[in-house]
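Structure, as structure tokens:
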Amino acid sequence: METIIFFSNVLRTKSNKLSNVNIDLQRPKRLLIFINPIGGSKKASKIFEKKVQPLLRLARIEFTVLTTERPNQAKEIILDENNRIDQYDAMICAGGDGMFNEILNGIIIRTQRQHGIDYGLIDSPLRKPSMKLGIIAAGSTDSIVYATMGNCDPTNSVLTIILNRTMNIDIGAVHHRDEDHLICYTASFIGYGFFGDTVQRSERFRWLGPKRYNLAGLRTFLKHRLYSGEIKLCIEPKDGQPQHYNPCGIKLGDIKS
């Protein structure tokens, strides 16, 4: 809480501080923001209005806000070639892991289509999207935000976006074994068996917010269903090294009065 107050006071007394860092940090100038109004505790719109929008305006960043009305709407908007999303420097979502994975799938597939790549084949070499993605924690599970930021504070997230602090994350692809077509891309994890049934069943209880997972998990446990599967692990022949040993480098000392 002290960190939030500190940042708020700095921005309130030094209102032009963030607007003067664009040359050195090459911060984004235009953002496309998707808001999932029913994610988590249905607070995404309020979080954006109270914590995100004021900072973006102080930083003099232009933004377009699209509030989704149904599942996969954000993905459909991104995949529509008539929508000029290339005019934006980054796409941001105010929601949870599901919302982020939705825009992630949209931008990856759009990029492959633009380069004529058959992304449905498991062995197809994919092109890396040039569009940057960001997320403001406003979901039931915000594991992606926590894994990349170390916390789920919306203020820290928007400051990271404004200051153009980026990092690469691993993306997984799930293909159908027999039909050889893409099922989805994912930035967090894939659930099968007990976890998959719990998540699917929890959709009926969205009105409970994050507590829906407790109820859905209990109901799935009482079903006592058995699951079978086969796992194959492909070992990378070369040892890899992380690009950044300390990706979460945002500290209070980075902002000086």
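Assorted remarks:
- Counted residues, the stretch 169-188 - those being surrounded by 11 or more Cβ atoms within 10 Å (Cβ to Cβ) and in a loop (DSSP other than H, G, I, E, B): 7
- Hits in the stretch 128-150 - residues which are farther than 13 Å from Ala94 by Cβ, free of Cβ contacts under 8 Å to residues at least 24 places away in the same chain and surrounded by 15 or more Cβ atoms within 10 Å (Cβ to Cβ): Pro129
- Only one of Phe34, Phe63, Phe100 that is modelled with pLDDT of 95 or more, of a type outside the set (Val, Ile, Thr), within 15 Å of the chain's Cα centre (by Cα) and outside any loop (DSSP other than H, G, I, E, B): Phe34
- Pair list, Cβ under 7 Å, 6 or more apart: the stretch 49-69 residue surrounded by fewer than 15 Cβ atoms within 10 Å (Cβ to Cβ), other residue charged (D, E, K, R): Glu62/Lys29; Glu62/Arg30
- Ser140 falls short of the stated requirement of being under 29 Å from Phe63 (Cα atoms), touching a strand residue (DSSP E or B) at 6+ places or on another chain (Cβ under 9 Å) and modelled with pLDDT under 85.
- Residues satisfying the stated conditions in the stretch 79-96, i.e. surrounded by fewer than 22 Cβ atoms within 10 Å (Cβ to Cβ), within 27 Å of Arg27 (Cβ to Cβ) and of a type outside the set (Gly, Ala, Ser): Asn83, Arg84, Ile85, Asp86, Gln87, Tyr88, Asp89
- Here the stretch 205-226 is the region considered, the condition is being modelled with pLDDT under 80 and aromatic (Phe, Trp, Tyr), and the residue that is surrounded by the most Cβ atoms within 10 Å (Cβ to Cβ) is Tyr213.
The values are calculated or read from the model by the stated rules, or taken from the named source; none is laboratory data. Everything quoted here is computed from the prediction, not taken from an experiment. Heads up, the Cβs are rebuilt from the backbone with ideal geometry, glycines too, and the neighbour counts pull from every protein chain shown.
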